[in-house]
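The values are calculated or read from the model by the stated rules, or taken from the named source; none is laboratory data. All figures in this text were calculated on a predicted structure; none of them were measured in a lab. Note that each Cβ is placed from the backbone with ideal geometry, even for glycine, and that neighbours are counted across all protein chains shown. What goes into the accessible areas is simple: the full protein's heavy atoms, side chains included, and nothing from ligands, DNA or RNA. Shrake-Rupley method; radii C 1.70, N 1.55, O 1.52, S 1.80 Å.
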Amino acid sequence: MTKDMTRGTPWKLIVQFALPIMAGNLLQQLYNTADTIIVGNFNSQQALSAVGSCASLTALFTALAIGFSVGAGVLISQYFGANRLEDLRRYAASSIILMLALGLLMSVLGFCSAELFLEKFLGTPQTLLPQAALYFQIYAVGLIFQFGYNIAAAILRALGDSKATLYFLLVSSLLNVVLDLLFVAGFHMGVAGAAIATVLSQLASCVVGFSYMRRRYELLRFSARELRLDRTAAARVLQIGAPMALQQSIVSCGFLFLQKLVNLFGERMIASYTVASRMENILMIPIIGIQNTMATYAGQNMGARQPERVSKGLGQGVLVSLLMTAALCLCQFAGRSFIVGAFRLDEAAAGICCQHLLASALTMPVFAVYFPANGMFQGVGEGFHATFYALMALGLRVVFAYCLYQTAFGYTAIWWSQGMAWTLTLLTCYAHFFRGKWKERSLVQ
């Protein structure tokens, strides 16, 4: 069901649209967390560390899928807001073909370069390298399905249907947990079993996504002749999507550098960082939900030539993001001991992890204010600025982390650098927002 976000009370529309996205992201994070818990409990802390050492690398490929998909979604949402449905169909068809081709390319690249990435770029300890490389090679096979799912989800969100992604993720989340228990706990396949479970779950979400899109929306039923790559449409999708993919990739590349720093402190730090990162992803659920919603909300309203309504929506969206995030941060602060116990961390790793969890709970409100504005800039076509701020934040974080870890901060620089960097970025981002130049943007031609 499509949703027109150009009329009505902004915060109500934002919450209604964001809740299914948040529920879907919660399912995704819960199954990622369950994946880690199952490996930690039924295998070993070393296996957990091996899976965790791949996290920043898997995030990089996921970032590319999300970035290009969001770029396509921005264009489609603006054509939907302008009621230009033939152009919408043309862009949707080209986006599907383009994303599947990119996904296949990434699958081949990831499979062939797994050990090179892990050993040379991340400095993965030799004790973890065989298991980490095996996990990532299997994971890479499913990248084409991940790209396919993301474009299906982006097209549906652009039409105002945020509930669809919840259905897709419900299927993949339940399947992933069941398969994890089967392959890791039942068949004792270790990291290979966890990776196979992930690939099969991604395949399921991709198939369900395209099936839903075709059955539910006549507008998105393409004949074989229509499902082709239009060069003009593909070029514009790449033009808009590339800065967003670059932005997402910059974030992930920043985490690659941080992972390399984490790896210097050994297996216990890697295990601790893996657990804390999973918890940070859960804290990010309302933030990412509002960010994605603001991209669609801003895209539709700019297509309808209503920039003032975009500003009003951003203010209300930030408030919603802050309130939800604060509640989750309080829960993490109070439940730190329970969290580290669930992953079966040893005493040393648990102590490090508790410090990290405290720092992330204190830092996350900065993200809650920044990311809705990032989504708004994406929706109005300010991809360059969104990319610049991501580059600034991650660059500062890496610089702060590497400069401070040799001081009294020690390994705590890995997480305290996050708050420092994103606070400076937030101030720069909102300075641009209040200048108001973005109000002159429109992607609809």
Practice task
Would you tell me the accessible area of residue 274, worked out with a 1.4 angstrom probe on the heavy atoms of the protein chains, in Å² to the nearest 10?
Solution key: 10
Exercise for the section: Give the ranking of 54, 112 by solvent-accessible surface, highest area first, calculated with a 1.4 Å probe. Expected result: 112, 54
Exercise for the section: Determine the per residue accessible area of the stretch 1-113 with all protein chains present and a 1.4 angstrom probe, expressed in square angstrom. Expected result: 35
Exercise for the section: Measure nothing but the geometry: give the 0 to 90° angle between the long axis through the Cα atoms of 163-180 and the longest principal axis through the Cα atoms of the chain, rounded to 10°. Expected result: 20
Handout entry: Inter-probe distance in nm under a simple model that places probes 7 Å from Cα toward Cβ, at residue 264 and residue 327
Key = 4.0
Handout entry: Length released on extending from residue 200 to residue 11, taking residue separation times 0.36 nm less the Cα-Cα span
Key = 64.3 nm
Fill in the blank from the handout: Ordering 236, 268, 397 by the accessible surface of their heavy atoms, 1.4 Å probe, largest first, yields 268, 236, 397
Fill in the blank from the handout: Under a 1.4 Å probe, counting only protein heavy atoms, residue 216 has an accessible area in Å², nearest 10, of 130
Handout entry: residue 97 accessible area, 1.4 Å probe, all protein chains in place, Å² to nearest 10
Key = 60
Practice task
Using only the Cα atoms of the stretch 353-397, build the gyration tensor, take square roots of its eigenvalues as a ≥ b ≥ c, and label the shape rounded, prolate or oblate: rounded if a/c is under 1.5, else prolate if a/b is larger than b/c, else oblate.
Solution key: oblate
Practice task
From largest accessible area down, sort 136, 210; use a 1.4 Å probe on the protein chains.
Solution key: 210, 136
Practice task
Determine Rg/Rh for the chain; Rg is computed over alpha-carbon atoms and Rh is the Kirkwood hydrodynamic estimate from the same atoms.
Solution key: 0.95
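How much of the accessible area of the chain, probe 1.4 Å, is carbon plus sulfur, in whole percent?
Exposed carbon and sulfur together represent 67 percent of the surface.
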Exercise for the section: With the cut-off at 17 Å, report for the stretch 3-72 the share of all Cα pairs above it, as a whole percent. Expected result: 64
Completion exercise
Inter-part gap, Cα centre of the stretch 1-24 to Cα centre of the stretch 52-124, in whole angstrom, is 24
Handout entry: Sites residue 167 and residue 223 - FRET efficiency at Förster radius 22 Å, r taken between beta-carbons, to 0.05
Key = 0.30
Practice task
Determine the principal axes of the Cα atoms in the stretch 78-132, then give the extent along each, sorted from largest to smallest and rounded to whole angstroms.
Solution key: 57, 19, 16
Practice task
Using only the Cα atoms of the stretch 1-44, construct the convex hull and provide its projected area averaged over every direction, in square nanometres to one decimal.
Solution key: 4.0
Completion exercise
In Å, the C-alpha Rg and Dmax of the stretch 182-261 are 19.1, 51
Exercise for the section: Would you please state which residues of the stretch 355-370 a label at residue 403 would reach in this model, taking the label point 7 Å out along Cα→Cβ and a backbone N cut-off of under 15 Å? Expected result: none
Practice task
Give me the Debye-computed log₁₀ of I(q)/I(0) at q = 0.14, 0.23 Å⁻¹ for the stretch 355-445, equal point scatterers on Cα only, no solvent, two decimals.
Solution key: -0.55, -1.09
Handout entry: Kirkwood-based Rg to Rh ratio, the stretch 37-153, C-alpha trace
Key = 1.13
Fill in the blank from the handout: Magnitude of the Cβ-charge dipole (Lys and Arg +1, Asp and Glu -1) of the stretch 1-112 about the Cα centre, nearest 20 debye, reported as 320
Handout entry: the stretch 116-267 shape via C-alpha gyration tensor axes, a/c threshold 1.5
Key = oblate
Fill in the blank from the handout: Of the listed links 12/163; 3/437; 3/312, those spanning more than 24 angstrom between alpha carbons are 3/437
Completion exercise
Candidates 409, 145, 434; GNM for the chain (alpha-carbon contacts under 10 Å) flags as most fluctuating 434
Exercise for the section: Take every Cα-Cα distance within the stretch 125-214, group them into 10 Å bins from 0 onward, and report for each bin the whole-number percent of pairs it holds. Expected result: 18, 41, 27, 12, 2
Completion exercise
Over all Cα pairs of the stretch 297-395, the Kirkwood radius sets Rh, and Rg/Rh then becomes 1.14
